[in-house]
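Everything on this sheet refers to the single structure shown next.
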């Protein structure tokens, strides 16, 4: 457990499956309080039985509703010290195939929802950080897609680029108040996120209603096949990832004595992707140096 004398209280969105669920169980295993949330508490029965408090939370709700939910959550244990926003999904489809509503909905959950939760959480985290022996942290979720985009995944990846960029700024804004902010960027991790059948994680992988034949035989089709092949075979371990995430947020275990970064990749596949992206970017800058610099007064 953390060395703090105050028992941490984790509020977790998207706790019905995947990272949210794993983080909730990890926090409970350490004796921390957990407030698990999802769009419907009917999906949180097992966590409730394990000792978590449960609440209905839709991260796309208006400010008044989210403020009321956070007030209710704060009253459960008298504080909220750690907020983990795991709510999100992947929109699978090319830029052309997606409708305006499909695009808005994915940004509404993945990006605007992240900002909504951060705004609602900030006052409570400031209070937690000010308490004697207190600590406070906010976690967001990017992904390997924060670094690399591709056909049939451009919308999803662009939301993750946005979340990582949002978090970098947010970390600087909340640092003066003693709040740790970190965007975790997992690679392919074995959860139900890529499932596309009925039930399970099907609501985390949404395919565009329109599927255009002209994209057969292109990179878009290859990406779809790759997602199908990866489902259930992802190399990342969500339980091990949750352990690291809770360590980082409480500055304990593997994170003890370390400076917490605003962005932290998880998984060797994401590490390789980050390195390749940095190397290719530096190569491009070197090749185009004179042209880039020629645009100045």
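Here are some notes:
- Here 15, 36 are screened, and the one residue that is in a loop (DSSP other than H, G, I, E, B), buried (at least 21 other Cβ atoms within 10 Å of the Cβ) and under 17 Å from the mean Cα position of the chain (by Cα) is 15.
- Among residues of segment 123-132 being out of contact with any helix residue (DSSP H, G or I) (no Cβ under 6 Å at 6 or more places or on another chain) and surrounded by 20 or more Cβ atoms within 10 Å (Cβ to Cβ), the one that is farthest from residue 58 (Cα to Cα) is 128.
- When residues of segment 222-236 are limited to those that are part of a helix (DSSP H, G or I) and without any contact (Cβ under 8 Å) to a residue 60 or more places away in the chain, the one surrounded by the most Cβ atoms within 10 Å (Cβ to Cβ): 226
Every read-out reported here was derived from the displayed coordinates using simple, explicitly stated rules and does not represent laboratory data. Owing to the predicted nature of the structure, the values given are computational and were not obtained by experimental measurement. Note that each Cβ is placed from the backbone with ideal geometry, even for glycine, and that neighbours are counted across all protein chains shown.
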